[in-house]
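Undergrad: A single structure is presented below for examination.
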Amino acid sequence: MLGFLKILARNVAQGPSTDPFPFAETHTPRRFRGKVTMDPAKCVGCAICRHVCAGGAIRIEPREDRSGYDFTVWHNTCALCGLCRHYCPTGAITMTNDWHNAHLQERKYDWAEHHFVPYLRCTGCEAHIRMLPPDLATRVYANHAHDLDFPALLRMCPKCRQVAAATRAAALNAPADVDDAASAGSGNGNGSRPAAKAAAANEETTPATPHTVKDGGRTDADTPRATAG
Amino acid sequence: MNFLKKLSVRSPWLYRINAGSCNGCDVELATTACIPRYDVERLGCKYCGSPRHADIVLITGPLTARVKDKVLRVWDEIPEPKVTVAVGICPVSGGVFRDGYSIEGPIDRYIPVDVNVPGCPPRPQAIIEGVIKARDVWMARLGLQE
Ligand code: SF4
Ligand code: SF4
Ligand code: SF4
């Protein structure tokens, strides 16, 4: 009898355990996996997110005129799994805790997030590239932040960036190891140092092979792989 | 009399159809209605066992080839005006099963859907939100705007 009274008193004190929604706001955990969102300033177009997407909700389409690519996340196909967020090398794609997803059928085909992400031309060789996001560059060149000309480097394709970094290092008479980070992703880590030195020795050298934009929206695959691996 | 009539139609009964779902969304639907924590019955809703008593039908699953005819038959049994809610990304777009060999969905190829509640599965509060939207559509169809 006493036990019953105790429970009664506790229940009266605590009030109903029913979630007040829809008559009042409900509690949403901070890390609740809700709608996916993408920050076009950080995206490098590597399409890893599209590759791992469980539902096939991500679409990346390069424009015909090579001005950039269109990026779309379809909320109606997204399984809220979080794989895109996990694998994105730059942290461009993230998840909000917004779960207000119910919508009328009229809105079905615009229940998505669209972004246009522009390319720029490499200042070295004029190739169409996606600018290296500053956040990523700070990580890639973590040990060389003091002796690099960042704003200029960001606007170059990986090859021109390597050459520029090496040239600058040679000019500063520093040990020519500035290209370590850049060459890690290019596949010929051994060969690039002498090559870069040669480039530095010959002031007239310009990058020979311009990078062109590959199909499928992958522009600057070297850079993200260098950090992800 | 008019007042009574208005009052009496505010309680849409819900009916569930599982069109080949993985059961994730059905568990959330059960949670939405059957436990006091979310309690959709506060809105006057109630699950019913027969499609002929239903006003709002909640469909889960990507409409597999195996259940397609049965789903369409049951759906036809529900009297007009009915409101169809697609719960989960499966009925809306096919979800993770999209383009599978046994998938006939998305469901709006065969059934006129009114409200979509994407999510895999959507949380109970999102389903309640969808039910509220469906209720508004239903009231509008009856000519009884709130
Ligand atoms: S950086 Fe790559 S993984 Fe991240 S959003 Fe852009 S394309 Fe997707
Ligand atoms: S959360 Fe999963 S399903 Fe949604 S866009 Fe990201 S990878 Fe695709
Ligand atoms: S939407 Fe996800 S949880 Fe719901 S039935 Fe489909 S696969 Fe299962």
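Undergrad: Can you spot a residue in segment A:144-164 that is open to solvent by 60 Å² or more (accessible area, probe 1.4 Å), part of a loop (DSSP other than H, G, I, E, B) and within 13 Å of another protein chain (Cβ to nearest Cβ)?
TA: No: segment A:144-164 contains no residue that is open to solvent by 60 Å² or more (accessible area, probe 1.4 Å), part of a loop (DSSP other than H, G, I, E, B) and within 13 Å of another protein chain (Cβ to nearest Cβ).
Undergrad: Just checking, which of A:G15, A:G56, A:G82, A:G34 is of a type in the set (G, A, S), within 16 Å of ligand 3 (Cβ to nearest atom), open to solvent by less than 50 Å² (accessible area, probe 1.4 Å) and free of Cβ contacts under 8 Å to residues at least 24 places away in the same chain?
TA: A:G56 is the lone residue from the list that is of a type in the set (G, A, S), within 16 Å of ligand 3 (Cβ to nearest atom), open to solvent by less than 50 Å² (accessible area, probe 1.4 Å) and free of Cβ contacts under 8 Å to residues at least 24 places away in the same chain.
Undergrad: Answer yes or no: is there a residue in segment A:40-51 that is under 17 Å from the mean Cα position of the chain (by Cα), more than 8 Å from chain B (Cβ to nearest Cβ) and within 16 Å of ligand 3 (Cβ to nearest atom).
TA: no
Undergrad: Open to solvent by 10 Å² or more (accessible area, probe 1.4 Å) and under 14 Å from the mean Cα position of the chain (by Cα): which single residue out of B:P112, B:P62, B:P118 fits that description?
TA: Matching residue, one of B:P112, B:P62, B:P118: B:P112.
Undergrad: Then there is this: Of all residues in segment A:1-50, how many are touching a Lys or Arg at 6+ places or on another chain (Cβ under 6 Å) and assigned to a helix (DSSP H, G or I)?
TA: Summing the residues that are touching a Lys or Arg at 6+ places or on another chain (Cβ under 6 Å) and assigned to a helix (DSSP H, G or I) in segment A:1-50 gives 0.
Undergrad: Which count do you get for residues in segment B:66-96 that are within 14 Å of B:G20 (Cβ to Cβ), touching a residue at least 40 places away in the same chain (Cβ under 8 Å) and within 11 Å of another protein chain (Cβ to nearest Cβ)?
TA: Qualifying residue count, segment B:66-96: 4.
Undergrad: Ok, one more. Do we have any residue at all in segment A:51-58 that's within 12 Å of ligand 2 (Cβ to nearest atom), part of a helix (DSSP H, G or I) and modelled with pLDDT of 90 or more?
TA: yes
Undergrad: If you scan segment B:82-101, which residues turn out to be open to solvent by 40 Å² or more (accessible area, probe 1.4 Å) and either more than 16 Å from ligand 2 (Cβ to nearest atom) or of a type outside the set (F, W, Y) (or both)?
TA: Residues satisfying the conditions are B:V96, B:R98, B:D99, B:Y101.
Undergrad: Taking A:E61 and the conditions (1) in a loop (DSSP other than H, G, I, E, B); (2) at pLDDT 90 or above, which numbered condition does it fall short on, given that it satisfies the others?
TA: Status for A:E61: all satisfied but (1).
Undergrad: How many of the residues making up segment A:64-79 are in a loop (DSSP other than H, G, I, E, B), surrounded by 21 or more Cβ atoms within 10 Å (Cβ to Cβ) and more than 8 Å from ligand 2 (Cβ to nearest atom)?
TA: So the count comes out to 2.
Undergrad: I need the full set of residues from segment A:85-99 which are away from chain B (no Cβ under 14 Å) and not in a loop (DSSP other than H, G, I, E, B), in order please.
TA: Those that are away from chain B (no Cβ under 14 Å) and not in a loop (DSSP other than H, G, I, E, B): A:R85, A:H86, A:Y87, A:I93, A:T94.
Undergrad: Moving to a separate point now. Conditions first: (1) within 14 Å of the chain's Cα centre (by Cα); (2) crowded, with 20+ Cβ neighbours inside 10 Å; (3) away from ligand 2 (no atom under 16 Å from the Cβ). B:V74 passes all but one, so which condition is the exception?
TA: (2)
Undergrad: So which residues in segment A:100-113 are more than 16 Å from ligand 3 (Cβ to nearest atom) and either hydrophobic (A, V, I, L, M, F, W, C) or at the interface with chain B (Cβ under 7 Å from one of its Cβ atoms) (or both), if there are any at all?
TA: Correct list: A:H100, A:L104, A:Q105, A:A112.
Undergrad: Output the residues belonging to segment A:85-103 that are more than 10 Å from ligand 1 (Cβ to nearest atom), crowded, with 18+ Cβ neighbours inside 10 Å and over 16 Å from B:N116 (Cα atoms).
TA: Within segment A:85-103, just A:M95 meets the criteria.
Undergrad: For segment B:124-146, which residues satisfy the criterion of being within 8 Å of chain A (Cβ to nearest Cβ) and open to solvent by 40 Å² or more (accessible area, probe 1.4 Å)?
TA: B:I132, B:K133
Undergrad: Please go through (1) surrounded by fewer than 21 Cβ atoms within 10 Å (Cβ to Cβ); (2) touching a Pro at 6+ places or on another chain (Cβ under 8 Å) for B:A30 and return the number of the only condition it doesn't satisfy.
TA: (2)
Undergrad: Considering segment B:105-118 alone, what residues qualify as being touching a Phe, Trp or Tyr at 6+ places or on another chain (Cβ under 9 Å) and in a loop (DSSP other than H, G, I, E, B)?
TA: Those that are touching a Phe, Trp or Tyr at 6+ places or on another chain (Cβ under 9 Å) and in a loop (DSSP other than H, G, I, E, B): B:G105, B:Y110, B:I111, B:D114, B:P118.
Undergrad: Considering only residues that are on the phi > 0 side of the Ramachandran plot and within 14 Å of chain B (Cβ to nearest Cβ), which ones fall in segment A:63-80?
TA: A:L80
The values are calculated or read from the model by the stated rules, or taken from the named source; none is laboratory data. Everything quoted here is computed from the prediction, not taken from an experiment. So basically every Cβ, Gly included, is an ideal-geometry build from the backbone, and we count neighbours across all protein chains shown. Just so you know, the surface numbers come from the protein's heavy atoms only, side chains and all, with ligands and any DNA or RNA stripped out. Shrake-Rupley method; radii C 1.70, N 1.55, O 1.52, S 1.80 Å.
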